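As structure tokens, the structure follows; a few thoughts come after it.
The values are calculated or read from the model by the stated rules, or taken from the named source; none is laboratory data. Computed from a predicted model, the values in this text were never measured in an experiment. Methodologically, a virtual Cβ is constructed for each residue, glycine included, from the backbone with ideal geometry; neighbour enumeration extends over all protein chains shown. The area values use the complete protein model at the heavy-atom level, side chains included, leaving out ligands, DNA and RNA. Shrake-Rupley method; radii C 1.70, N 1.55, O 1.52, S 1.80 Å.
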Amino acid sequence: APRGSGRAADDGGAAGGYESGYESDYESERYRPVPPGPRKDRREANWLMDTFNPRAEAGGVFDMVAQRLTDAFDGAFSRDISGAPVARGDISALLAEPLFKALYAWFLELGGIYRLPFGPKSFIVVSDPAIARHILKDNAANYSKGLLSEILKPIMGDGLIPASPEIAAKRRKVILPSVHNAYLRRMMSTFSLTAAELGDAIEENRARQVVGGAGEQTQSARGASGGEDQAQQHGGGFVIDMEQQFNHVTLDIVGRAVFNQTFGSVQAVEETEIVRAVYDVLKEADHRATFFLPYWDDPLLGRVVPRQARFRRALRVLNERLSELVGSARAASAAEGGQDDLERLQQRDYANVRDPSMLRFLVDMRGEDATDNQLRDDLMTLLIAGHETTSAVLTWALFELSQDPELLADVLAEVDPIMETREREAAEAAGGDSSAVPILTMDDVKDMPLLRCTVAETLRLYPQPPVLIRRSIEDDMSVPRGFNIVKNSDVFISTYNLHRSRATYGPDVEEFKPRRWMSDFGQGEVEGWDGYRASAMGLYPNESSSDFAFLPFGAGNRKCVGDVFAVCEAVTILAVLLRRMRFELAIAPEEVGMVTAATIHTESGLIMSAERREPPLTGASAAHARKAHGAGAGAGAGAG
Ligand code: HEM
């Protein structure tokens, strides 16, 4: 038995398959490594201090200290009875590149579970579906959010993401039901309207460009994409950073969905104080989620480091605003009849209800006496959890679609007839006004299986976040494949590695192929893993249909509460934009680059040219769509 005896491969199990033939993939062009080159300063400009930037200066003070500590202790305070192989190598690899990339390289070398010493501690890194299933589902009660909780508590308090198992169990009972079907149906119009606002904003940018006054977006995009000639190179169109645009649209949606307020960031000419505060807080959440040394807890450093002062200011502004919103929701609830029970709340006429937000539901729910502070923490968490993740999936989906014209044509063939119907209906309802905004429905989302699979495939190659963090509460001596995880171990479940495992996905693992989700794969091929069943896909391929090889929204008792919301949102935004605009990458694909924080961002923005699609496709597109659907039969039927 491999307990204490070494590598996963010894077990003769699935993990053995992880070992062969990977190096070449890692080096190959199909893997999109972060290319060298300057990092876009919008993300890093106010990073800590120039003189103390370990990532900018690999081999800097922090790096050296971490390496010394690691050499001296080699995880000495962690009892190593795990039986897992140990990752050896230069700690600067961890600091100089995105964490998920370093973890991936060791996965190729060491297999589905390994131990990573870091200073006096060590981390268990898991990339095996059977072990992930055990930790997230079968023995989930033995795992807390650990490190993540420590990092995010100052920002999210007792909100769900960092919440202790006890608080999470309590709050999930209210927060999960708040995302019910009637609410989601109402949100479909929020998604459609906000996406239409983004379409308008993009076109207005072009208008400014055409009359000669380059807008702010255009200028920054040009700066990043290397020159004035960019517009000419793209048929007289204009270039725009779509990652930034997706940040705006998802922020506005989350504001409307969670507390019935818009941040107005899609349409704003200038950033408001509150939007700036949101972005500063998000940036800090990102920073803390990927930084190993919690210097912000140090009384001196926490005060003198400029980004920390800025963060505290932003947090104050945002908390005050969220507290006000909690206050007004409570007042409105009392004025309009007060609390009600779960069933009646879910059966309200959401098409006409004045405030459909999650906040109002949480306040209205009878028997849930959450304090104002708890509600504020819930809002902050939903705001952060629901924004960057969706923005990132939109960014990478559009990037991948721009790289595959055939796939894009098939997606459009699916989107066009549906959009056309909704456009016609909207125009009729508006007395013939053809500019009326088409509103998609949840059935429309179900009827776009290729686009749904495109979103899923994006989450496979660009999982958000790329690692799930847990800490064992007690010794866990029953980990599959004969390993142990002792009490208080910090565990990283690398979704990035799980999703790029050749053992489960096969030789085309590095390719962006949404149609892979439309048929079964891997069944009976890997011991301890059941393979993927397309018939069980549902709205999106998930942890059950993939037997934990694909965890786009996590799994088990801490699974994402916004999964259906996010899939409907992403599909709607993509459908609306692809119907209206033709996007083309305006920089070389390698220039896009990946950097990690809590989510995977681009390195230099998603710089694209955007032109209005004219005339919109009609009639013929329906025939094409039928053909495309025919090719991928089954997935649509499985949508649930
Ligand atoms: C594409 C978009 C999204 C992705 C990829 C995503 C992904 C995830 C993942 C992987 C987790 C599990 C984290 C873990 O196990 O440690 C999670 C948790 C969570 N997500 Fe999402 N999410 C998305 C959108 C949303 C939205 C729209 C909301 C809310 C409106 C939301 C709210 C949450 C919350 C509250 C949790 C914490 C649940 C808990 O710990 O009990 N997410 N999300």
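Checked against (1) buried (at least 20 other Cβ atoms within 10 Å of the Cβ); (2) within 16 Å of the ligand (Cβ to nearest atom); (3) more than 22 Å from the chain's Cα centre (by Cα), ALA370 passes all but condition (1). Being among the aliphatic types (A, V, I, L, M), open to solvent by 10 Å² or more (accessible area, probe 1.4 Å) and not in a helix (DSSP H, G or I) is the filter here, so list the residues in segment 143-175 that pass it. Those that are among the aliphatic types (A, V, I, L, M), open to solvent by 10 Å² or more (accessible area, probe 1.4 Å) and not in a helix (DSSP H, G or I): LEU160, ILE161.
Filtering segment 550-565 for residues that are touching a residue at least 24 places away in the same chain (Cβ under 8 Å), closer than 15 Å to ARG516 by Cα and more than 12 Å from the ligand (Cβ to nearest atom) leaves an empty set.
Looking only at segment 147-165, residues that are near the ligand (Cβ under 10 Å from one of its atoms) and within 21 Å of the chain's Cα centre (by Cα) come to 8 in all.
Just to be sure before I move on: is SER178 within 12 Å of the ligand (Cβ to nearest atom) and within 30 Å of ALA309 (Cβ to Cβ) in the structure I sent? Step through it out loud before you land on a result.
Working: within 12 Å of the ligand (Cβ to nearest atom): yes; within 30 Å of ALA309 (Cβ to Cβ): no.
No, not satisfied.
Working only within segment 460-495, note down all residues that are part of a loop (DSSP other than H, G, I, E, B) and farther than 30 Å from GLU510 by Cβ.
First, the residues of segment 460-495 that are part of a loop (DSSP other than H, G, I, E, B): 462-466, 473-475, 486-489.
If the condition is that a residue be part of a loop (DSSP other than H, G, I, E, B) and farther than 30 Å from GLU510 by Cβ, then ILE473, GLU474, ASP475, VAL486, LYS487, ASN488, SER489 are the ones that fit.
Counting residues in segment 322-335 that are within 16 Å of the ligand (Cβ to nearest atom) and buried (at least 24 other Cβ atoms within 10 Å of the Cβ) gives zero. The set of residues in segment 535-549 that are surrounded by fewer than 21 Cβ atoms within 10 Å (Cβ to Cβ) and more than 16 Å from the ligand (Cβ to nearest atom) comprises SER535, ALA536.
Tallying residues that are open to solvent by less than 10 Å² (accessible area, probe 1.4 Å) and within 11 Å of TYR496 (Cα to Cα) within segment 448-483 yields 5. So PHE521 fits all but one of (1) surrounded by fewer than 19 Cβ atoms within 10 Å (Cβ to Cβ); (2) aromatic (Phe, Trp, Tyr); (3) within 14 Å of the ligand (Cβ to nearest atom); what number is the exception? Exception for PHE521: condition (3). Is it the case that segment 570-577 has a residue that's within 16 Å of the ligand (Cβ to nearest atom), buried (at least 24 other Cβ atoms within 10 Å of the Cβ) and on the phi > 0 side of the Ramachandran plot? Within segment 570-577, none of the residues are within 16 Å of the ligand (Cβ to nearest atom), buried (at least 24 other Cβ atoms within 10 Å of the Cβ) and on the phi > 0 side of the Ramachandran plot.
With in contact (Cβ under 8 Å) with a residue 24 or more places away in the chain and within 15 Å of the ligand (Cβ to nearest atom) as the only criterion, which of VAL467, VAL526 stands out? Step through it out loud before you land on a result.
On the way: VAL526 fails: within 15 Å of the ligand (Cβ to nearest atom).
VAL467 is the lone residue from the list that is in contact (Cβ under 8 Å) with a residue 24 or more places away in the chain and within 15 Å of the ligand (Cβ to nearest atom).
Taking first residues from segment 105-134 that are open to solvent by 10 Å² or more (accessible area, probe 1.4 Å) and in a helix (DSSP H, G or I) and partners that are modelled with pLDDT under 90 and among the basic types (Lys, Arg), no Cβ contact under 6 Å between residues at least 6 apart in sequence or on separate chains turns up.
Can you name the residue in segment 258-281 that is within 16 Å of the ligand (Cβ to nearest atom) and in a loop (DSSP other than H, G, I, E, B) and, of all such residues, is nearest to ARG360 (Cα to Cα)? Within segment 258-281, the match that is nearest to ARG360 (Cα to Cα) is ASN260. ALA409 passes every criterion in (1) part of a helix (DSSP H, G or I); (2) surrounded by 18 or more Cβ atoms within 10 Å (Cβ to Cβ) apart from (2).
Across segment 412-441, the qualifying residues are those that are open to solvent by less than 30 Å² (accessible area, probe 1.4 Å) and either basic (Lys, Arg) or assigned to a loop (DSSP other than H, G, I, E, B) (or both), and the one among them that is nearest to MET188 (Cα to Cα) is LEU440.
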